[in-house]
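Here is the structure we will look at, set down as structure tokens.
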């Protein structure tokens, strides 16, 4: 068994496994990778198999064509094929611990970790703890992961309770939220801003962008000079674009697509407040974890108007750092938006309180410190 004793995290040999090398919406994984500074990383799907330079764990002639052939042509054999080579890889690099981002990734690497005798820490983020089809497909495997894992991490208190319901051992299930770089996200002055409202996030059902639009349509009845900027893309983007066009509001509601983190910082500094209508997706049981965009807006110094959903309830204090409404209640959301558009002074007070809360409770270095402690234990 691995025992850290008095070691420091920088001395640890962490193998960091994550599915998507380039995904604009997974900034939390990039931050984990950057600040944990693992000695080894693997990416490339739910069974990660290559490092960031493209070097594969499958080390034999014509390995990639053969890997693809087995995966596509004889899929029933691929798990055992993968386990064998990941096990060899782990025995070669001798990590002190494997940190798997997402429960599904942990399922994919469990057997190899177990055979190589490497401790496993699994980090859940959202859909992997709630989504109906995911739980149907991986529910049994999760119980094996829970039994073997040294630590199980959820990014909201709601998620921790869900993992316990899924039979995770409460004693080794921990709440560690996503963090935010408070030194990077700053500079908003909502008390001086125009009536600009900002939304950042994927256009997907659990973020309900169409309800944000419906709420803003009501806002425009009282504040026709207000503007909603929506950053992101996703499967609902075209529907939302048509919704805006049908209402003839292209001048007041602008869908800007994907932006870089630096560009998003610029938009945060121009806004009066941030809005996001996250909600439980009843069609597939999907749910948020703790949306990074909410943390970044709060750290920048913006009040947040959002829903009592998942980790948002932890990150936003109703009436102090923003306003929260029940899921689906876009009319009350509109009323709170009107309040902040009416009073820039209140927006400034709430924005300062929001930033103070992020520094106090959600700073990236603090959250990474908690994660390091769990990895080291």
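The values are calculated or read from the model by the stated rules, or taken from the named source; none is laboratory data. No experiment lies behind these values; they were computed from the predicted model shown. Here Cβ is always computed from backbone atoms with ideal geometry, including for glycine, and neighbour counts include all displayed protein chains.
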Taking the criterion of being surrounded by 23 or more Cβ atoms within 10 Å (Cβ to Cβ) and either part of a helix (DSSP H, G or I) or out of contact with any helix residue (DSSP H, G or I) (no Cβ under 9 Å at 6 or more places or on another chain) (or both), would at least one residue in segment 279-291 satisfy it?
no
Tally of residues being in a strand (DSSP E or B) and either modelled with pLDDT under 95 or more than 16 Å from the chain's Cα centre (by Cα) (or both) across segment 116-151
3
Residues within segment 212-261 that are touching a residue at least 60 places away in the same chain (Cβ under 8 Å), within 23 Å of the chain's Cα centre (by Cα) and surrounded by 16 or more Cβ atoms within 10 Å (Cβ to Cβ), tallied:
2
Going residue by residue through segment 303-318, is there one that turns out to be surrounded by fewer than 23 Cβ atoms within 10 Å (Cβ to Cβ), out of contact with any helix residue (DSSP H, G or I) (no Cβ under 8 Å at 6 or more places or on another chain) and not assigned by TED's automatic domain parsing to the domain that holds residue 155?
yes
Of the residues in segment 53-80 that are assigned to a loop (DSSP other than H, G, I, E, B) and in contact with a helix residue (DSSP H, G or I) (Cβ under 9 Å, 6 or more places away or on another chain), the one that is nearest to residue 21 (Cα to Cα) is 57
Is there a residue being within 22 Å of residue 59 (Cα to Cα) and touching a residue at least 24 places away in the same chain (Cβ under 8 Å) anywhere in segment 137-157?
no
Among the residues in segment 175-190, are any modelled with pLDDT under 95 and closer than 30 Å to residue 115 by Cβ?
yes
